[in-house]
Amino acid sequence: MCGIVGYVGNRKSSEILLNGLSRLEYRGYDSAGIATMERNKIACIKTKGKVKSLIDLEKENSLNGAIGIAHTRWATHGKPSTENSHPHLDNSKKFAVVHNGIIENYKELKSFLQKNGYTFYSQTDTEIIPNLIAYYYKKMTPRFLEAVQLACNDLIGSFAIAVLSTYEPNKIIAVRKDSPLVIGKSNFETYICSDVLGILAYTKDFYILNDYEYAEISKDEIKFFNKTLQPIEKEIKSIEWDFSTAEKNGYDDFMLKEIYEQPISIRETIGSKLPIDAPSNLDEITFTRKYLSSLNKIFIIGCGTAMHAGLVAKAMFENLCNIPVEVDIASEFRYRNPIINEKTLAIFISQSGETADTIAALKLAKSKGAKTLAICNVIESTITREADYTIYTHAGPEIAVASTKAYTSQLILLAIIAIHFAEVLKSTDTETLNTFKNDILSISNKVSEILENIDILKEFAQDNCNIEHAFFIGRRMDYLVSLEGSLKLKEITYIHSEGYAAGELKHGPIALIENGINVITIITDQELMDKTLSNVHEVISRGARIFAITNLNFPHNDFDYFLNIPKTNELLSPILSVIPLQLISYYIAKEKGLDVDKPRNLAKSVTVE
Ligand code: F6R
């Protein structure tokens, strides 16, 4: 949730650390801080607010040390404030720590330390860590690394930490458990980061830390150790993401850039997976016909937008493969004792690959004997390392908090997997599959077409930026995309909205429809068109203002706004109909002057429960 950056090298570390924090700011943004080693003393500055405030503060304090750690915080324990910001120092100011995650047993550890004479100045769980390290350093071992290890052995919960100490002032110790941390390497310089994006400007070569692996980093070398501090070798990996794809490239916001990247990201997701006149090409999985026909259920699990992609995928798998599919929210799944066995395939969808609930759900499914398949965007993220199989969406970095291109890439990939299963199972005839493949291959151009025709969306946003409520309605696939449209509107415009199955309105929510209430309806289902239209007329007669998004022909004179989008296979229709919904939310948020990339109370990846 928060962001960590560390640097060991020859340069003024504060410049690199602040640059890294700015790139990570989408992860956590209520306070920030930095600690550098200045002539064997730790200098630490921190402040409430965005990284910009820390940059201004650094100008007044000029930190020159060539080794340092930094953090952006998204409050979990204790309100956003300077005292609660990281880095946290121990009482003797010999150790400084930045931490992502949550220490579940911090109250017990705090009272233990208080009994031993330690004082606490913040309400955070993190402040116990430097003090616990100091305690062990004093009582048990005069080695920095060992003191960190002893402290970590006491921690229950999740943590990625980087630690500085005046006792060994040329080093940083880094370690993780259930929270991501990578070590980037370039000539004579080492970087630490909770997300490769923070340091992609400096290097593309990374070591990925696993749980309880320690990195002891000095200017000349990086040593890795396991949980018991036995030395281990780690392989360096190159990340191919181009740094410029993580920049705004002339767009006002990352969200708009990512919406407009969808024609490309969809093509990247398809890659070479759908050769013409040949079976689909999915080297990442090796499911035989025997295994797939033995399945009595596929579970699809995720959170938020990723779960919405799962709902659409259910229709794809059930239609093409004839396997029953259950979709669940990860935070519910993990606590409801789901019925799973070796005849279950569990698919986990996550852009970040670091969502705590999805990771826990995956571990649960695995422990009950299911095979697990991850659909992920971030290379080498935790979910990809936990799952039996991973297929990457290859949508490129998604920086804006609101997920856009990750959703469409997830849908494309899930459609390809459904085709692949259907080919292996021979559950759908070749002609139908070929038509479906061609629909996938042509969808990117149709997305471009929608993106070129946005005047009505801007007009709708201008007219309706002050509304307080909105409904998104549709049937079948149009209902599923309504849920996603409604989530987008809520999260970036702060307008209350509901995604509803059109046929369900009269079972309660229609009571809320009155003069001027906006109803956005998606109608791409020929078979159910008349039924949805009759629901739309029910709300018109109660005063609703209608925006209809459709690829069908019907009289629409009494609608206030109307947008025609290209036709495609019904199972793929959310990939097209979500685009105007993303843009409506984007332009309303802009009309309201909101920070679209960093909506309040939200963070890009939710690495705590
Ligand atoms: C909404 C959004 C969230 C995420 C959810 C899962 O726009 O971004 O609902 O979809 O937090 O995140 P990942 O996909 O990273 O597991």
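The values are calculated or read from the model by the stated rules, or taken from the named source; none is laboratory data. Because the structure is predicted, anything quoted here is derived from the model rather than measured. Note that each Cβ is placed from the backbone with ideal geometry, even for glycine, and that neighbours are counted across all protein chains shown. Heavy atoms of the whole protein, side chains included, go into the accessibility calculation; ligands, DNA and RNA do not. Shrake-Rupley method; radii C 1.70, N 1.55, O 1.52, S 1.80 Å.
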> From Cα coordinates alone, what are the radius of gyration and Dmax values for the range 293-335 in angstrom?
Replying inline: 10.6, 30
> Of 248/458; 458/592; 52/94, which pairs sit farther than 19 Å apart, going by alpha carbon to alpha carbon?
Replying inline: 248/458; 52/94
> How long, wide and thick is the range 98-222, going by the Cα atoms along their three principal axes, in whole angstroms, largest first?
Replying inline: 46, 27, 23
> Could you list, bin by bin from short to long, the percent of Cα-Cα pairs of the range 276-424 in 10 Å steps?
Replying inline: 12, 46, 35, 6, 0
> When Rg is the radius of gyration of the Cα atoms in the range 1-143 and Rh is its Kirkwood radius, what does Rg/Rh come to?
Replying inline: 0.97
> Farthest toward the dipole's positive end in the chain, which of 85, 254, 406, given Cβ charges of +1 (Lys, Arg) and -1 (Asp, Glu) about the Cα centre?
Replying inline: 85
> Calculated FRET efficiency, residue 83 and residue 557, Cβ-Cβ r, R0 41 Å, to nearest 0.05?
Replying inline: 0.10
> Counting other Cβ atoms within 10 Å, which trypsin sites (Lys or Arg not before Pro) in the range 458-564 have at most 16 and lie in a DSSP loop?
Replying inline: 542
>> With the cut-off at 1.5 for a/c, could you classify the range 419-532 from its C-alpha gyration tensor as rounded, prolate or oblate?
In response: prolate
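For the range 42-103, calculate the relative contact order in percent as a whole number, restricting contacts to Cα pairs under 8 Å that are 6 or more residues apart. Write down the numbers at each step before the final one.
On the way: 55 pairs, mean separation 21.7, N = 62.
Here the relative contact order equals 35 percent.
What percentage of the solvent-accessible surface of the chain, computed with a 1.4 Å probe over protein heavy atoms, is contributed by carbon and sulfur atoms?
Working: 10960 of 23110 Å².
Ligands and nucleic acids excluded, carbon and sulfur give 47 percent.
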> With each label point set 7 Å from Cα along the Cα-Cβ vector, what nm distance links residue 156 and residue 241?
Replying inline: 3.4 nm
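Suppose R0 equals 25 Å; then what is the FRET efficiency for residue 510 and residue 337 from their Cβ-Cβ distance, rounded to the nearest 0.05? Intermediate values should be presented prior to the final figure.
Working: r = 36 Å, r/R0 = 1.44.
Given R0 = 25 Å and the Cβ-Cβ separation, E is 0.10.
Just the accessible area per residue of the range 248-336, please: how many Å² with a 1.4 Å probe? Walk me through the numbers before you get to the answer.
Working: 3950 Å² over 89 residues.
Roughly 44 Å² per residue, with all protein chains present.
Using a Förster distance of 51 angstrom, determine the FRET efficiency expected from the C-beta separation of residue 293 and residue 228, and round it to 0.05. Please list the in-between numbers first.
On the way: r = 45 Å, r/R0 = 0.88.
Step by step, r from the Cβ atoms, then E = 0.70.
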> Using Cα-only point scatterers and the Debye equation, what is log10 of I(q)/I(0) for the range 490-541 at each q in 0.15, 0.20, 0.26 Å⁻¹, rounded to two decimals?
Replying inline: -0.45, -0.76, -1.13
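How big is the antiparallel share of DSSP beta bridges in the chain, given as a percent to the nearest 5? Can you show the working numbers first?
Values: 61 of 101 bridges.
Roughly 60 percent of the beta bridges in the chain run antiparallel, per DSSP.
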>> Over the range 58-130, what portion of Cα pair distances is larger than 22 Å, expressed as a whole percent?
In response: 25 percent
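In the range 328-427, which chymotrypsin sites (Phe, Trp or Tyr not before Pro) are in a loop and have at most 16 other Cβ atoms within 10 Å, using DSSP for the loop call? Let's see the in-between values first.
Details: sites: 333, 335, 348, 389, 392, 407, 421; in loops: 335.
Answer by residue number: 335.
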> So what is the relative contact order for the chain, in percent, with contacts set as C-alpha pairs under 8 Å and at least six apart?
Replying inline: 11 percent
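Compute, for the range 292-344, the length of the dipole vector about the Cα centre, with Cβ point charges of +1 (Lys, Arg) and -1 (Asp, Glu) only. Units Debye, rounded to 20. Intermediate values should be presented prior to the final figure.
Numbers: 5 positive and 5 negative charges, 11 e Å.
Value, rounded to 20: 60 debye.
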> What whole-number value in Å² describes the accessible area per residue of the range 455-609 for a 1.4 Å probe?
Replying inline: 39 Å²
> Please state the equivalent ellipsoid semi-axes for the range 218-341: what are the square roots of 5 times the Cα gyration tensor eigenvalues, largest first, in whole Å?
Replying inline: 33, 27, 20
> In whole angstrom, how far apart do the alpha carbon centroids of the range 57-96 and the range 125-180 sit?
Replying inline: 16 Å
>> Viscosity 1.002 mPa s, temperature 20 °C: give me the Stokes-Einstein translational D for the range 4-60 in µm²/s, with Rh taken as the Kirkwood radius over C-alpha pairs.
In response: 185 µm²/s
>> Please compute the volume of the convex hull spanned by the alpha-carbon atoms of the range 489-609 and report it per residue in Å³.
In response: 146 Å³
> Put +1 on the Cβ of every Lys and Arg and -1 on every Asp and Glu Cβ in the range 490-609; which of 559, 494, 593 then has its Cα farthest towards the positive end of the dipole?
Replying inline: 593
>> Binning at 10 angstrom from zero up to the longest distance, how are the C-alpha pair distances of the chain distributed in percent?
In response: 3, 17, 25, 24, 17, 10, 4, 0, 0
>> Angle check, please: helix 529-540 long axis (alpha carbons) against the longest principal axis of the chain (alpha carbons), in degrees 0 to 90, nearest 10.
In response: 80 degrees
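Cα gyration tensor of the range 547-609, axes a ≥ b ≥ c as square roots of the eigenvalues: rounded (a/c below 1.5), prolate (a/b > b/c) or oblate? The partial results should precede the final answer.
On the way: a/c = 3.73, a/b = 1.68, b/c = 2.22.
Oblate is the answer for the range 547-609, as a/c is 1.5 or above yet b/c matches or exceeds a/b.
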> Under a point spin-label approximation (7 Å from Cα along Cα-to-Cβ), what is the residue 187-residue 453 distance to one decimal in nm?
Replying inline: 5.4 nm
> Taking 0.36 nm per residue of separation and subtracting the Cα-Cα distance, what length does fully extending residue 39 through residue 591 add?
Replying inline: 193.7 nm
>> Can you compute the charge dipole magnitude of the chain about its Cα centre, using +1 on each Lys and Arg Cβ and -1 on each Asp and Glu Cβ, nothing else charged? Give it in debye, rounded to the nearest 20.
In response: 1920 debye
> Heavy-atom accessible area per residue, the range 45-140, 1.4 Å probe: how many Å²?
Replying inline: 43 Å²
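Filter the trypsin sites (Lys or Arg not before Pro) in the range 403-454 down to the DSSP loop ones having no more than 16 other Cβ atoms within 10 Å, then list what survives.
Numbers: sites: 405, 426, 437, 446; in loops: 426.
Here the trypsin sites (Lys or Arg not before Pro) that fit, given the DSSP loop and packing criteria, are 426.
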> Which of rounded, prolate, oblate describes the range 346-439, given a ≥ b ≥ c as roots of the alpha-carbon gyration tensor eigenvalues and a/c under 1.5 marking rounded, otherwise prolate only if a/b is larger than b/c?
Replying inline: oblate
